[in-house]
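Trainee: After the structure tokens below, expect a handful of questions from me.
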Number of protein chains: 2
Amino acid sequence: MQNAMRRTKADAEKTRETILATAEQLFLRNGVAHTSLEQVARASGVTRGAIYWHFQNKSHLLNEMLNQVRPRPEKLAERLNAPTATHPLQNLRDLFVEIMAGLAGNEQKRNILTILLLRCEFTDELSDAEERHTDFINQFIALSEEQFGCERVRLRPGISARLAARLLHATLIGMLSDRLRDPALFDTQAEAPAMIDALFSGLLVDWQIAGHGASA
Amino acid sequence: MQNAMRRTKADAEKTRETILATAEQLFLRNGVAHTSLEQVARASGVTRGAIYWHFQNKSHLLNEMLNQVRPRPEKLAERLNAPTATHPLQNLRDLFVEIMAGLAGNEQKRNILTILLLRCEFTDELSDAEERHTDFINQFIALSEEQFGCERVRLRPGISARLAARLLHATLIGMLSDRLRDPALFDTQAEAPAMIDALFSGLLVDWQIAGHGASA
DNA sequence: TTGTTTACAAACGTATTCGTATGTAACAGC
DNA sequence: GCTGTTACATACGAATACGTTTGTAAACAA
């Protein structure tokens, strides 16, 4: 009726992306559970019919949204095991800084991670999303542990590779959480290097602040 | 009908507490938004009438629940400014360890904090809860910054008191998050001291591992 | 003893929300 | 040019969920 109703493949894809982008905004503002598909449809200029055509239901829609920015685990391993010219933990350090920088520079990543951490309830209906999330966390910790366990790495006495890995992950998650909750809290991009270097100095006996001279 | 229906003051209070305890379990399992007051009522052995008698609505019920374990800000300041026999940051360190230990030892605290961090959406309806939460965070950071800014504290070059405070808070939140998400991830009580000491070693030039000898 | 208040239960009415089922206009292939 | 399929809009039905109102037995006060 109201629309010209010409629906080519490209149009359909555009509709799908509009729905995803609109849902992103609404989920971010109102929370996932507090956003109905009717609201998403209206704000997208379509009806629920369109949403149910493109997605099975709300949780599948959310999963598709998360998949847009979810890092693939194999990329992580590949990234960390690349050869490093300086310290064996240089890759891990750089990754940390990159993650924080990527968050500052990419609004979509920021929005979706905010939804994941602050605007959604991990319940049965999202159990597969939670599971993959947990898997990713465990893999991050396992890979970090490998890095810290490298024989060239000299941990402080009393610090095991596993403990170092978990402390690193906790710090990462905490910084993301704090930063997402209050964007004005600190300048992620500028201060992340100092923070990670401080952390590494606490974990290692021989960490030289490598941020500005040795790498890149 | 079914109940003897004798309702003294004590009975009413018991009903109220039952509702709170039941809601705690259901919120924890299913998330706040995905739990209806009808479900809470049934699991409590009452009707919604009882819930609406004791609480205005679901968000007020949640707020009352949070108030059961919310630390009062003035306690925090008092705690941190107590005289310390050893290092000026000893109080901050001990507080960190205590928080993690309290979490391990107190199921109610653990449940409610889990609800707050993982099972609830911060939306308009919970805006006052969120506001107080944010206020508490900012106060924690401000107080920590004061501690780190103490003249007897020797921060590493490149580390400001504010940065140290924010890194500490991020690490605390991250450890709580990780631990609540996966209770088997690490032994909070046993490993927290090593973690905080590692962090402080990275922030300060003169931090001696003080966990086992210096402080009572 | 009687009236009032407490502490709920039960009933009411409305508004969403979901999933599905059906209708339909335009495109794509032949 | 006809047909099947795509990409939706519309309609349907059932199930909550919420907040309020009303009913009521027991406690409590006088």
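Read-outs: derived from the displayed coordinates by stated rules, not from any lab. No experiment lies behind these values; they were computed from the predicted model shown. Virtual Cβ from ideal backbone geometry, glycine too; neighbours counted across all protein chains shown.
Trainee: Taking just the C-alpha trace of segment B:70-203, give me its Rg and Dmax in Å.
Mentor: Final numbers for Rg and Dmax: 15.3, 46 Å.
Trainee: Do any of A:Lys109/B:Lys75; A:Lys75/B:Lys109; A:Lys14/A:Lys109 go past 31 Å between their Cα atoms, and which?
Mentor: Long pairs (Cα-Cα over 31 Å): A:Lys109/B:Lys75; A:Lys75/B:Lys109.
Trainee: Here's another thing I want to ask about it. Which value does Rg/Rh take for segment B:9-66 over its C-alpha atoms, Rh per Kirkwood?
Mentor: The Rg/Rh ratio comes out at 0.92.
Trainee: While we're looking at this one, here's another question. Under a 5 Å amide H to amide H cut-off, with H placed in plane at 1.01 Å, what residues pair with A:Leu204 once short-range neighbours are removed?
Mentor: A:Arg156
Trainee: Going 7 Å from the Cα of A:Ala12 in the Cα-to-Cβ direction, what parts of segment A:31-62 have a backbone nitrogen less than 16 Å from that spot?
Mentor: Under 16 Å, as judged by backbone N against the label point of A:Ala12, lie A:49-56 of segment A:31-62.
Trainee: What helices in chain A pass both tests, a Cα length along the helix axis of 18 Å or more and a mean Kyte hydropathy of 0.5 or higher, using whole DSSP H runs?
Mentor: Helix filter hits for chain A: A:90-105, A:188-203.
Trainee: A further question follows. Between B:Asp124 and A:Thr47, what is the spin-label point distance in nm, taking each point 7 Å from the Cα along the Cα→C-beta axis?
Mentor: Between B:Asp124 and A:Thr47, the label points sit 2.7 nm apart.
Trainee: Here's another thing I want to ask about it. Is there a quick way to get the dipole size of chain A? I mean about its Cα centre, with the Cβ of Lys and Arg at +1 and of Asp and Glu at -1; what is the value in debye to the nearest 20?
Mentor: Computed charge dipole of chain A: roughly 480 debye.
Trainee: Let me see the P(r) profile for segment B:44-132: every Cα-Cα distance counted, bins of 5 Å, each bin given as a percent of all pairs.
Mentor: 3, 11, 16, 18, 17, 14, 9, 6, 4, 2, 1, 0
Trainee: Of the GluC sites (Glu not before Pro) in segment B:69-158, which ones lie in a loop per DSSP and count no more than 14 other C-beta atoms within 10 Å?
Mentor: Sparse-neighbourhood loop GluC sites (Glu not before Pro): B:Glu151.
Trainee: Run the label-point distances for B:Asn138 please: 7 Å along Cα to Cβ, every other copy, nanometres, shortest first.
Mentor: From this label point to the equivalent ones elsewhere in the assembly: 4.0 nm.
Trainee: If only Cα atoms are counted, what is the Rg of segment A:1-157, and what is its Dmax, in Å?
Mentor: Just the Cα atoms of segment A:1-157 yield Rg and Dmax of 19.9, 73 Å.
Trainee: Considering only C-alpha atoms, what is the centroid distance from segment A:105-161 to segment B:1-68, in Å?
Mentor: Each part's Cα centre sits 36 Å from the other's.
Trainee: Taking the Kirkwood radius as the inverse of the mean 1/r across Cα pairs, report the Rg/Rh of the protein assembly as shown.
Mentor: Radius of gyration over Kirkwood radius for the protein assembly as shown works out to 1.01.
Trainee: Quick check on packing: order A:30-41, A:189-200, B:183-194 by the mean number of other C-beta atoms within 10 Å, highest mean leading.
Mentor: Ranked by mean Cβ neighbours within 10 Å, highest first: A:189-200, A:30-41, B:183-194.
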